[in-house]
Amino acid sequence: MSEEERRWKKVCKSTKLKMNKVKGKTIGTKMVAVMRTEEGVFGTNALCRHMAWPLHWGGKIKDGCLRCPLHQSSYHPEDGSVNEWSPAPYFPLYGKMLGKLRKPSSLKTYDVREKDGYVEIDMKS
């Protein structure tokens, strides 16, 4: 197996990754997520940096950002940076309190490509 084959791992079929949707997969010991937005296909760590919830378990792409279903923290898919940290819009005081449990931090991002009908993620990026 070549170095290139070891680096790139299949996450899902390209046809299964619909616009503004998120798919996740465990590769080795890492849980990763891929998503398709108007800007392209992106890959990140799959666990929300706030409370480690798997973002592909109900996570949504809203206004171009990946939003965690648990407390609504959101991230920019292209670089993993924080858009909003635990806003919990229905209970703002609760969100502020929970947001203080951890400092805002970005998601790790990975290079992603579509090849031979699959979405692949570069685990060395």
Output the number of the condition that residue 117 fails; it satisfies all remaining conditions of (1) surrounded by 12 or more Cβ atoms within 10 Å (Cβ to Cβ); (2) of a type in the set (Gly, Ala, Ser); (3) at pLDDT 85 or above. (1)
Going through region 70-101 in order, the residues found to be surrounded by 15 or more Cβ atoms within 10 Å (Cβ to Cβ), more than 15 Å from residue 44 (Cα to Cα) and not hydroxyl-bearing (Ser, Thr, Tyr) are 70, 71, 72, 84, 85, 87, 88, 95, 98, 99
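Would you mind finding the one in 43, 24, 80 that is on the phi > 0 side of the Ramachandran plot and modelled with pLDDT of 95 or more?
80
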Of 65, 48, the only residue that is without any contact (Cβ under 8 Å) to a residue 24 or more places away in the chain, within 29 Å of residue 100 (Cα to Cα), surrounded by 14 or more Cβ atoms within 10 Å (Cβ to Cβ) and not aromatic (Phe, Trp, Tyr) is 65
If we scan region 111-121, do we find a residue that is more than 15 Å from residue 22 (Cα to Cα), free of Cβ contacts under 8 Å to residues at least 12 places away in the same chain and not hydroxyl-bearing (Ser, Thr, Tyr)? yes
Identify the residue in region 83-97 that is under 8 Å from residue 71 (Cβ atoms) and at pLDDT below 80 and, among all such residues, is farthest from the chain's Cα centre (by Cα). 95
Only one of (1) free of Cβ contacts under 8 Å to residues at least 60 places away in the same chain; (2) more than 17 Å from residue 108 (Cβ to Cβ); (3) touching a strand residue (DSSP E or B) at 6+ places or on another chain (Cβ under 8 Å) does not apply to residue 4, and that is (3)
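The values are calculated or read from the model by the stated rules, or taken from the named source; none is laboratory data. The structure presented is a predicted model; accordingly, all values stated were derived computationally and were not measured. All Cβ positions, glycine included, derive from the backbone under ideal geometry; neighbour counts span all protein chains shown.
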